[in-house]
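Before any comments, here is the structure.
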Amino acid sequence: MEHSHKKSTCAACGTSPMNHTIMYIAGALEGLIIEPMEMFLSKIINLSASGTLVNTFTKVHFSVLQLFRMVRYSEDVERASSGRSKLIWEEAKRRNIPMQQVVIWGRALEHYRAKINGKWIHFESLPIPPWLPQDAYSWLDDKFILKNKLRKANISVPSSKKAFTISGARHVFAKLEKPVIVKPRSGSRGRHTTTNIQTLDELHKACSLCQQISPFFVVEEHIVGSVYRATVIGNKLVGFFRADPPQVTGDGMHTIEELVAEKNINKDEKLSDIIINDDVLSFIARFGYIPNTILANGNTIDLSAKTGRMYGGYTREMLPEVHPRMHDIFEHSATVIPAPILGFDLIIPDPTEDPGKQKWGIIECNSLPFIDLHFFALEGSPRDLAPYIWDLWKK
């Protein structure tokens with residue numbers, strides 16, 4: 001079992017390692033206390049209206065820290081903690097909106113403030129107007145609740161069931177079409193997620209991996225296809241991003257390990273190296289491969305379930321190419337989920353064709369999506385989504 005203090009070397013966390021113990025405790029608190037409380041409060045409090053109260057509390061909090069010289073504000077856009085925030089900051093500059101980053105004890109946070117209509121508004125990475133509907137943020141990251149709501153609205157999602165124990169997962173496994181996926185009930189970036197599970201032994205290993213960071217997990221039908229991100233802002237589909245895992249193609253002579261080494265030498269400079277770690281070894285083993293396997297000529301295989309440039313995979317921005325029905329589907333999905341900024345993750349064989357004739361589904365939705373994915377894709381026309389977010393502030 002991976003120890004929490006070795007989080008930086010955890011292959012299951014990928015390029016965004018997290019402290020396992022902290023994640024486990026947070027997941028337990030969220031599932032047992034925070035989520036039920038938020039669901040209860042959402043029924044008696046208008047969460048959209050409460051956004052103003054949250055902003056006021058945050059302002060007072062940082063003002064007190066500033067009084068004791070524990071916090072300061074940076075105007076250096078190059079210190080932005082993420083590409084997502086940098087795009088927001090650069091657009092703020094173009095609009096002459098003062099924006100600053102919170103720095104505590106010399107550490108720049110993913111927390112900012114912007115002066116709008118003479119008032120400082122605090123936010124985490126993406127500025128969301130407090131008067132817009134935000135009720136969904138109390139449950140959005142829970143993959144099981146999300147799928148239930150989308151399913152009731154006749155929006156395609158894979159079959160899934162929640163589980164609390166390995167024996168419970170075995171019961172679900174027996175009912176679902178194979179292969180299946182096991183993932184934490186909440187979370188993002190595919191941390192501790194296992195795909196293409198065909199056997200009980202693989203299921204047990206997947207559940208044990210998941211339980212390193214979450215006491216609750218989801219067993220889900222595995223859909224075949226590339227992973228896509230559909231970003232919806234103000235109920236409008238504004239970006240559609242494709243992400244594929246690292247792959248190699250056999251030539252009948254070289255091993256998988258040798259093909260990876262050759263691909264790393266000849267890769268695009270925007271791509272990270274493909275690293276054969278525990279995650280990759282586990283993934284290819286479920287397809288019957290080891291690093292010394294010689295692939296048949298023309299046989300292309302995935303090396304991981306994790307996708308994108310940071311893993312040596314492929315990315316493309318392709319909004320102009322998608323089928324017109326995709327716009328209708330995701331703009332309808334946004335009405336089911338009351339929140340102004342949404343990043344839907346889906347799997348579909350070909351989004352340029354009619355989705356009604358394919359097996360596909362939405363697998364999760366992100367409340368704080370990385371809008372920079374659409375801007376820094378390996379191929380396709382870059383799309384800067386920051387203007388759409390600042391436009392939300394126009395009443």
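Data table
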quantity	calculated
Calculated FRET efficiency for the pair Ile275/Lys175, C-beta based, R₀ 30 Å, to 0.05	0.25
Asn117 paired with Asn264, simple spin-label distance in nm, labels 7 Å along Cα-to-beta-carbon	5.4 nm
Cleavage-rule hits, chymotrypsin sites (Phe, Trp or Tyr not before Pro), region 103-148, DSSP coil, Cβ neighbours within 10 Å at most 15	Trp105, Trp131
Charge context of Glu269, other residues only, Cβ under 15 angstrom, K/R +1, D/E -1	+1
Order of Ser167, Ser333, Ser208 - criterion: other Cβ atoms within 10 Å of each residue's Cβ, fewest first	Ser167, Ser208, Ser333
Peptides 373-380, 169-176, 229-236 ordered by average Cβ neighbours within 10 Å, highest first	229-236, 373-380, 169-176
Environment charge of Arg316, counting only residues whose C-beta is closer than 10 Å and scoring Lys/Arg +1, Asp/Glu -1	-3
Dipole moment magnitude, nearest 20 debye, region 215-278 about Cα centre, only Lys, Arg, Asp, Glu C-beta charged	540 debye
Whole-Hz ³J(HN,Hα) from phi, Karplus 6.51 cos²θ - 1.76 cosθ + 1.60, for region 284-298, glycine and proline x	5, 5, 5, 9, x, 10, 10, x, 8, 5, 8, 7, 5, 4, x
By average C-beta atoms within 10 angstrom, highest first, the peptides 384-390, 302-308, 289-295	302-308, 384-390, 289-295
Length added when fully stretched, Tyr289-Leu200, from 0.36 nm per residue minus Cα-Cα	30.2 nm
Compactness index (Cα Rg / 2.2 N^0.38 Å), region 163-221	0.95
Total formal charge among the other residues, if their Cβ is under 15 angstrom from that of Leu259, Lys/Arg +1 and Asp/Glu -1	-4
Size of charge dipole - region 113-250 - debye, nearest 20, with Cβ of Lys, Arg +1 and Asp, Glu -1, no other charges	360 debye
Packing-based exposure ordering (other Cβ within 10 Å, fewest first) of Lys161, Lys183	Lys161, Lys183
Estimated dipole of region 246-304 in Debye, rounded to 20 [Cβ of Lys and Arg +1, of Asp and Glu -1, Cα centre]	140 debye
Residue exposure sequence - Leu342, Leu271, Leu200 - by fewest surrounding Cβ within 10 Å	Leu200, Leu271, Leu342
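Since every read-out is calculated from the coordinates, none of them should be taken as a lab result. This one's a predicted model, so the numbers in the text were calculated from it and none came from an experiment. Cβ: placed from backbone, ideal geometry, glycine included. Neighbour counts: every protein chain shown.
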